[in-house]
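Student: Take this structure first; my questions come after.
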Amino acid sequence: MTDVERFYAEHHDGVFRYLRRVVGSSEPARDLTQEVFLRVSRAGVPEASDIGRRAWVFRIARNLALNYLRDGRRRPATVPLDESAVPASQELALALSDAIAGLGDADRDVFLLRESAGLSYAEIAQACDVPIESVRSRLHRTRQALRATLGASLALREQRGVRCLTPGGRQDDE
């Protein structure tokens with residue numbers, strides 16, 4: 001197995017998860033993931049620490065995602081709630097997706113690198129070319145904003161009478 005093949009095996013899933021969350025859809029995320037590893041194969045895996053190589057590949061993924069969003073003037077996709085009864089876990093997932101889409105670009109990017117891709121603070125700092133203190137403050141601010149938004153969003157949906165199905169399939173009428 002070559003270095004590029006090993007690198008692909010180690011990082012493909014994380015890169016795809018990150019890109020899927022950033023662009024909001026699996027199909028463009030697959031294409032972007034393919035482009036990331038095409039660029040990796042052309043450049044070759046750099047001689048660096050594991051943290052440095054991981055930050056490097058996510059910097060490529062991040063730049064491709066930003067270009068994709070900028071070129072199409074796209075925002076991360078959100079799925080509109082169009083059913084009167086959805087599972088509670090799906091309701092939360094929809095609210096979370098909406099809340100993440102409402103974040104500023106830099107905050108959303110740092111959050112997704114941490115939560116979807118699982119990068120460390122040091123890796124995020126390298127991938128985004130910002131000080132680690134900026135990563136810490138952005139994540140803290142973003143988590144607070146998401147808590148506030150999710151609380152308000154779920155309360156609003158409850159007030160509108162959106163009913164949720166419990167995980168067992170029973171309707172939660174409260």
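The values are calculated or read from the model by the stated rules, or taken from the named source; none is laboratory data. What you are looking at is a predicted structure, and each value in this text was computed from that prediction instead of being measured. A quick note on method: Cβ atoms are made from the backbone with ideal geometry, for glycine too, and the neighbour counts reach across all protein chains shown. Just the protein is used for accessible areas: all its heavy atoms, side chains included, with ligands, DNA and RNA removed. Shrake-Rupley method; radii C 1.70, N 1.55, O 1.52, S 1.80 Å.
Student: ³J(HN,Hα) across the range 49-64 via Karplus (A = 6.51, B = -1.76, C = 1.60, θ = phi - 60°), whole Hz, x for Gly/Pro?
Tutor: After applying 6.51 cos²θ - 1.76 cosθ + 1.60, I find 5, 4, 4, x, 5, 5, 4, 4, 5, 6, 5, 4, 4, 4, 5, 5 Hz.
Student: Going 7 Å from the Cα of R70 along its beta-carbon direction, which residues of the range 107-136 have the amide nitrogen within less than 17 Å of the resulting point?
Tutor: From the range 107-136, the list is 107-110, 127-130.
Student: To continue, here is another question. Quickly rank 99-108, 40-49 as a protection proxy: mean count of other C-beta atoms within 10 Å, highest first.
Tutor: Values: 99-108: 17.1, 40-49: 12.8.
Per-residue mean Cβ counts within 10 Å order the peptides as 99-108, 40-49.
Student: Carbon-plus-sulfur fraction of the accessible area of the range 1-47, 1.4 Å probe, in percent?
Tutor: Values: 1270 of 2800 Å².
Using a 1.4 Å probe with all protein chains present, the range 1-47 comes out at 45 percent carbon and sulfur.
Student: So how do H12, H140 rank on accessible area, 1.4 Å probe, biggest first, that is with the largest at the start? It would help to have the intermediate numbers written out before the result.
Tutor: Working: H12 50, H140 110 Å².
Heavy-atom accessible area, descending, gives H140, H12.
Student: Which residues' amide hydrogens lie under 5 Å from the amide hydrogen of G24, considering only partners 5 or more residues apart or on another chain, with H built in the peptide plane?
Tutor: Residues meeting the amide H criterion: A77.
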